[in-house]
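Visitor: Supplied in C-alpha cells, the structure appears directly below.
The values are calculated or read from the model by the stated rules, or taken from the named source; none is laboratory data. On a predicted model such as this, the values are computed, not experimentally measured, just so you know. As a convention, Cβ positions derive from the backbone with ideal geometry for all residues, glycine included, and neighbour counts pool all protein chains shown.
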Amino acid sequence: MNKVQHYINGQFMDSSCGEFFENINPMNGKILSQVALGREDEVNAAVAAAKAALTGEWGQMKLNDRIAMMYEIANEIDRRFDDFLEAECLDTGKPYSIARHIDIPRGAANFKVFADTMKSHAEEVYKADTPDGRNMLNYSVRKPKGVIGVISPWNLPLLLMTWKVGPAMACGNTVVVKPSQVTPTTTSLLGEVMSKVGVPAGAYNVVQGKGSVTGNLLTSHKDVDAITFTGETKTGEMIMQACSHGVRDVSLELGGKNPAIVFADCDMEKAIRETTRSCFANSGQVCLGTERVYVQRPIFDEFVEKLKESASKLKLGQHNDESVDMGPVVSAAHRDKVLEFYDIAKKEGANIILGGGAPKMEGELANGFFVEPTIWTGLPEDATVVKEEVFGPCCHIAPFDTEEEVIKMANDTNYGLASTIFTENLDRAHRVASEIESGIVWINSWFLRDLRTPFGGMKGSGIGREGGHYSLEFYTELKNVCIKM
Ligand SMILES: O=C(O)C(=O)/C=C/C=C/O
C-alpha cells in the first residue's frame with residue numbers, strides 16, 4: 001500500500017505516533033494510500049525546521065541564487081508533469097482534461113511568476129527638504145516575514161498551494177504546508193522536487209493531517225509568523241481568530257456565491273460556453289465558479305434551453321479518459337453535502353431543468369462520488385441554493401429586466417469574490433463591472449488569469465490580495481529607512 005508522508009527538514013517521515021489515515025479515490029471509493037497523521041510532534045518539528053532555516057543556508061542565500069532556485073523548482077515540476085497529473089487526478093477525481101491545462105501548469109507558473117516579480121520589483125525612494133535647509137532621503141526595503149503557515153484546499157490542491165508557497169519562498173520566507181486531508185499527495189511530491197533541486201532543508205515543510213488537529217496546531221503555533229489560507233469562510237474566521245494571538249498577519253481567500261449577469265445584447269454562444277465552464281468545470285468545485293445566473297428577460301428562455309443543452313453534453317467518468325469533462329466530487333462527505341442542497345432546492349420548489357441527483361455510473365465508477373450537473377429556475381432570491389455556497393456543479397437561473405435591478409440582486413450576498421458579465425455593449429460592461437461588489441470581474445470570459453493582477457475577495461470572501469507585487473505585500477515586512485543629508 002502506498003504511503004504519503006510528512007516532509008520535514010528535508011526528510012520524508014511517518015508520524016511519531018505511528019498513526020495513518022486513509023486517502024480515498026473519489027472515482028471508486030477505494031483506498032488510494034495511507035497518509036501519516038500529523039500531530040503536535042510533527043507540527044513542532046516542522047515549525048522548528050522552518051525557523052532554523054531562516055538563519056541557515058536558506059536565509060543566507062543570495063537573492064539571485066534564490067530566484068534561480070525558483071526557476072529550477074518550476075522546471076522540475078514540468079519534468080515530473082505526468083507524476084503530478086496522475087497524483088492530482090487520483091486525489092481529487094478531476095479529469096486529465098482539466099488538470100493538464102489548469103492545475104499542473106500553474107504549479108510551475110506560480111514559482112516562475114514570483115521569481116520574475118522579485119527580479120523586477122522596484123521600491124519607492126523619496127527626497128525631501130528638511131526644516132534646517134538640508135535634505136533627507138527615504139527608501140523602503142523588504143524583509144521576509146519569517147515562517148509562513150500555508151493551509152491549502154482540496155479543490156485545486158497543487159495550484160492553490162503553490163500560489164502561496166511560490167511567492168512566500170521567492171520572498172525568502174520558509175513554509176509549513178498543511179494540505180487538505182483528502183488531497184495530500186502533490187504536497188509530498190513537491191517535497192521530492194525540493195530535495196531534487198537542492199532546496200536547503202527546512203525551507204519547505206509539509207505536515208499531513210486533519211484540519212481540526214494539525215491545522216489548529218499550526219495556526220496557533222507561536223513561532224509561525226503569518227498564515228495564508230484558502231477555503232471556507234467559517235474556517236477562515238477561526239483562523240483569523242487564532243492569528244490575533246501574537247498579532248500575526250493573515251491572508252484569506254474564502255468562499256463565494258458568484259453571479260453571472262447575461263444581458264440581452266450578449267454574444268449568446270460565448271455566454272453559454274463560458275457559463276458552462278464557470279458552473280460545471282471541476283465539478284463546480286472552484287471558488288470562482290458561478291452558482292447564480294441572472295439573464296435579461298428577452299433571452300431568458302433561450303438561455304435556459306441552451307445552457308441545459310450544453311450541460312447535458314458534459315461527459316462524466318474516469319480521470320484518464322481524455323473525453324471526460326467532469327469527474328466525481330472530492331469526497332463522499334462533499335457528495336452528500338451537494339446532494340443535500342439538491343434535495344433542499346427540490347423541497348423549496350425549484351424547477352429542475354437538468355440533473356438534481358446522483359447519476360448511475362457503470363462498473364467500479366458506480367461507487368464513485370458523482371453528482372449530476374444541475375440547473376434550477378423558479379426559486380426566490382432568498383432560497384437556500386441562491387444564498388448559500390453549494391460548491392458543486394449547479395446553478396440557479398433567474399430573469400431580470402433592468403441594469404439597476406440586476407446589480408442589486410448580484411450584490412445581495414455576504415460574499416464578494418468573482419462575477420462574470422456578458423454584453424457586447426462595452427460602456428455597459430465597464431459601468432456594471434464598477435458597481436459589482438466582487439474582487440474579480442470577468443467580462444465575456446471566465447477564469448482568464450494574469451498572475452500579476454490583484455486576486456482576492458471582499459466581504460465574506462476574504463482579506464488581502466494575491467498576485468504579482470500584491471503577494472509581496474503579504475509575504476514581506478516593509479521597512480522605511482530615512483537618511484539626513
Ligand atoms: O487562479 C488562481 O490564482 C486562483 O487562486 C484560483 C482559485 C480558485 C479557487 O477555487
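Visitor: Give just the number: which of (1) under 24 Å from Val113 (Cα atoms); (2) touching a residue at least 60 places away in the same chain (Cβ under 8 Å); (3) surrounded by fewer than 20 Cβ atoms within 10 Å (Cβ to Cβ) does Ser471 not satisfy?
Guide: Failing condition for Ser471: (3).
Visitor: Of all residues being in contact with a Ser or Thr (Cβ under 7 Å, 6 or more places away or on another chain) and within 16 Å of the ligand (Cβ to nearest atom) in the stretch 261-286, which is nearest to Pro26 (Cα to Cα)? Just the residue, please.
Guide: So the residue we want is Cys279.
Visitor: On the basis of being crowded, with 24+ Cβ neighbours inside 10 Å, free of Cβ contacts under 8 Å to residues at least 40 places away in the same chain and in the same structural domain as Leu32 (by the TED database), does Met161 make the cut?
Guide: Against the criterion (crowded, with 24+ Cβ neighbours inside 10 Å, free of Cβ contacts under 8 Å to residues at least 40 places away in the same chain and in the same structural domain as Leu32 (by the TED database)), Met161 qualifies.
Visitor: Looking at Leu451, Leu478, which one is away from the ligand (no atom under 16 Å from the Cβ) and in contact (Cβ under 8 Å) with a residue 40 or more places away in the chain? Can you show your working first?
Guide: On the way: Leu451 fails: away from the ligand (no atom under 16 Å from the Cβ).
Unique residue meeting the criteria: Leu478.
Visitor: I'd like the full set of residues that are surrounded by fewer than 24 Cβ atoms within 10 Å (Cβ to Cβ), in contact (Cβ under 8 Å) with a residue 40 or more places away in the chain and not basic (Lys, Arg), limited to the stretch 268-277.
Guide: Hit for the stretch 268-277 is Glu274, nothing else.
Visitor: For the stretch 221-325, give me every one of the helices (runs of 4 or more DSSP H) that falls completely inside it and has 3 or more residues that are in contact with a Phe, Trp or Tyr (Cβ under 6 Å, 6 or more places away or on another chain).
Guide: Output list reads 268-280.
Visitor: Is it the case that some residue within the stretch 319-326 is polar (S, T, N, Q) and in contact with a helix residue (DSSP H, G or I) (Cβ under 7 Å, 6 or more places away or on another chain)? Please lay out each step first, then the result.
Guide: First, pick out the residues of the stretch 319-326 that are polar (S, T, N, Q): 320, 323.
Imposing the further condition that a residue be in contact with a helix residue (DSSP H, G or I) (Cβ under 7 Å, 6 or more places away or on another chain) reduces the set to 320.
There is at least one residue in the stretch 319-326 that is polar (S, T, N, Q) and in contact with a helix residue (DSSP H, G or I) (Cβ under 7 Å, 6 or more places away or on another chain).
Visitor: Of everything in the stretch 41-59, what is more than 12 Å from Val206 (Cβ to Cβ) and either among the β-branched types (Val, Ile, Thr) or touching a Phe, Trp or Tyr at 6+ places or on another chain (Cβ under 6 Å) (or both)? Give them in sequence order.
Guide: Val47, Thr55
Visitor: Within the stretch 371-389, identify whether any single residue is in contact with a Gly (Cβ under 8 Å, 6 or more places away or on another chain), in a helix (DSSP H, G or I) and crowded, with 19+ Cβ neighbours inside 10 Å, and answer yes or no.
Guide: Checked against the condition, which is being in contact with a Gly (Cβ under 8 Å, 6 or more places away or on another chain), in a helix (DSSP H, G or I) and crowded, with 19+ Cβ neighbours inside 10 Å, the stretch 371-389 yields no hits at all.
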